Every structure is written in structure tokens, then in C-alpha cells.
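Student: My structure is below; once you've seen it, I'll send some questions.
The values are calculated or read from the model by the stated rules, or taken from the named source; none is laboratory data. Predicted, not measured: the structure shown is a model, and the values here were computed from it. Positions of Cβ are generated from backbone atoms using ideal geometry, with glycine treated the same way; all protein chains shown enter the neighbour counts. To get the accessible areas, we keep the full protein, side chains included, count just its heavy atoms, and leave off ligands, DNA and RNA. Shrake-Rupley method; radii C 1.70, N 1.55, O 1.52, S 1.80 Å.
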Amino acid sequence: MNQLSDEQQQERLHGWTQKLTGLYISQDMSEADYMRVKERDPKLELQVLPEDAQAEKDTPWLFVVDGKKFVKPSLLPFDGSRHIRPGRPITRDLRQDRINLYSEDDGKITKIAFF
């Protein structure tokens with residue numbers, strides 16, 4: 001990705017904040033993988049989309065299931081994504097084109113950042 005100016009970075013951050021804040025993060029895993037993760041950490045709440053979930057038209061990363069809106073991070077148009085939960089450690093490597101999705105414990109996005 002080309003280096004963005006400060007103004008372009010702010011516009012990108014604002015635009016994606018508007019699109020993603022308040023949505024829920026869907027994990028890219030099968031139901032079986034989800035059950036294995038829950039066994040190791042029963043307090044962890046993860047959202048896994050049903051196998052037959054369909055993306056919204058013109059937004060391949062957005063899914064609506066029973067009226068609740070979900071984001072599938074692997075389908076966002078960035079060079080990587082990271083789900084950052086409260087109290088969880090993160091690596092310190094900086095990548096301008098990686099979207100960082102901060103969430104509440106239930107996976108609801110509260111903030112985004114690019115680093």
C-alpha cells in the first residue's frame with residue numbers, strides 16, 4: 001500500500017469507524033473449532049456465523065443474522081485485521097494497513113485503529 005497522508009489516514013479512520021462501530025465481530029471458525037475454544041476458555045464469548053449466512057449486497061464483509069449485524073474481518077479490504085478484546089495482550093508490530101477492531105467482551109466493536 002502507498003503511504004497515506006495524515007488527512008487521508010484520518011478520512012479512512014473516520015469512514016471505517018462510521019461503518020463498523022456497533023457491529024459485532026464474527027470469528028472465522030467452524031462450530032467444532034468454536035466448541036474447542038470454549039472448552040479452554042468458557043468465559044470467552046465468540047460470534048460464529050451459521051454456515052448458510054449470506055453477505056449483504058455490495059458489502060461482502062457484512063452479514064445480518066436474526067437482525068444482528070456482523071463483520072467478518074477476513075473479508076475487509078485491508079492487509080490483515082486484528083480483534084482486540086479488553087484485557088488481552090497485543091503485539092507491538094506496526095502495520096499501517098492492518099485494521100484493529102477493539103470490542104467489548106461480547107464482540108461488539110467499540111473502536112477501530114490502523115497500526
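Student: Could you check how many residues of the range 53-65 are of a type in the set (A, V, I, L, M), in contact (Cβ under 8 Å) with a residue 12 or more places away in the chain and assigned to a strand (DSSP E or B)?
Tutor: 3
Student: Let me ask something else about it. Could you check how many residues of the range 53-68 are at negative phi and open to solvent by 90 Å² or more (accessible area, probe 1.4 Å)?
Tutor: Adding up the residues that qualify gives 2.
Student: A follow-up question, please. For the range 85-114, which positions are free of Cβ contacts under 8 Å to residues at least 12 places away in the same chain and of a type in the set (Asp, Glu)?
Tutor: ASP93
Student: Now a separate question. Looking at ASP41, ASP105, ASP97, can you tell me which residue is open to solvent by 50 Å² or more (accessible area, probe 1.4 Å) and at pLDDT below 90?
Tutor: ASP105 is the lone residue from the list that is open to solvent by 50 Å² or more (accessible area, probe 1.4 Å) and at pLDDT below 90.
Residues are listed down the side, and each one gets a yes or a no for (1) open to solvent by 90 Å² or more (accessible area, probe 1.4 Å); (2) assigned to a loop (DSSP other than H, G, I, E, B); (3) under 13 Å from LEU101 (Cα atoms); (4) modelled with pLDDT under 90:
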| position | (1), (2), (3), (4) |
| --- | --- |
| ARG12 | no, no, no, no |
| TRP16 | no, no, yes, no |
| ILE25 | no, no, yes, no |
| MET29 | no, yes, no, yes |
| ASP33 | no, no, no, yes |
| GLU51 | yes, yes, no, yes |
| PHE70 | no, no, yes, no |
| ARG82 | no, no, yes, no |
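Student: If only one of SER81, SER26, SER74 is under 17 Å from PHE115 (Cα atoms) and out of contact with any helix residue (DSSP H, G or I) (no Cβ under 6 Å at 6 or more places or on another chain), which one is it?
Tutor: SER74
Student: Answer with yes or no whether ILE90 is under 30 Å from SER5 (Cβ atoms) and either open to solvent by less than 40 Å² (accessible area, probe 1.4 Å) or among the acidic types (Asp, Glu) (or both).
Tutor: So ILE90 fails the test.
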